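What follows is a single structure, written as structure tokens, with notes after it.
Just so you know, all these numbers are worked out from the coordinates, no wet-lab data involved. This structure is a prediction, so every number in the text was calculated from the model and none was measured. Glycine also receives a Cβ, built like all others from the backbone with ideal geometry; neighbour counts cover every protein chain displayed.
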Amino acid sequence: MTADPDCLFCKIVAGDIPGDIVHTGERTLAFRDINPQAPLHVLVVPRDHEPNAAASAHADPEMFAEIATTARAVATAEGYDDYRLVFNTGAGVGQTVFHTHCHVLAGRPMTWPPG
């Protein structure tokens, strides 16, 4: 497993920092966002460190697909059929932790366009 010793999400994956874990998989981990923007706001992260969604999709397409599978499992387990998945890639669009992560949002109306 690749990790960045300075990465917040790598520390959560390693168990060095507590998180409200809702799903544990072989290659992914899902935990509740500390600043929720919807009744369901969970982050799905790969266990291996990549800085953003584009890098993860390039490095390991199968693992990247597993993020979506995990997101579906989390939403279903929480009782939601309708949900939104958000990936931010780069500081200019709001990425603040540079470890690939998918926001799973549900439980309130979502507007379009987002942002």
Would you please list the contacts, defined by Cβ atoms under 7 Å and residues six or more apart or on different chains, that run from a residue in region 27-56 that is over 16 Å from Arg84 (Cα atoms) to a residue that is hydroxyl-bearing (Ser, Thr, Tyr) and in a strand (DSSP E or B)? Pro46/Thr28; Arg47/Thr28
Cβ-Cβ under 7 Å, sequence separation 6+ or interchain: first residue in region 1-22 and touching a residue at least 60 places away in the same chain (Cβ under 8 Å), partner buried (at least 17 other Cβ atoms within 10 Å of the Cβ) and part of a helix (DSSP H, G or I). Which pairs? Asp4/Cys10
Hey, Ala71 under 14 Å from the mean Cα position of the chain (by Cα), within 17 Å of Phe9 (Cα to Cα) and surrounded by 16 or more Cβ atoms within 10 Å (Cβ to Cβ) or not: yes
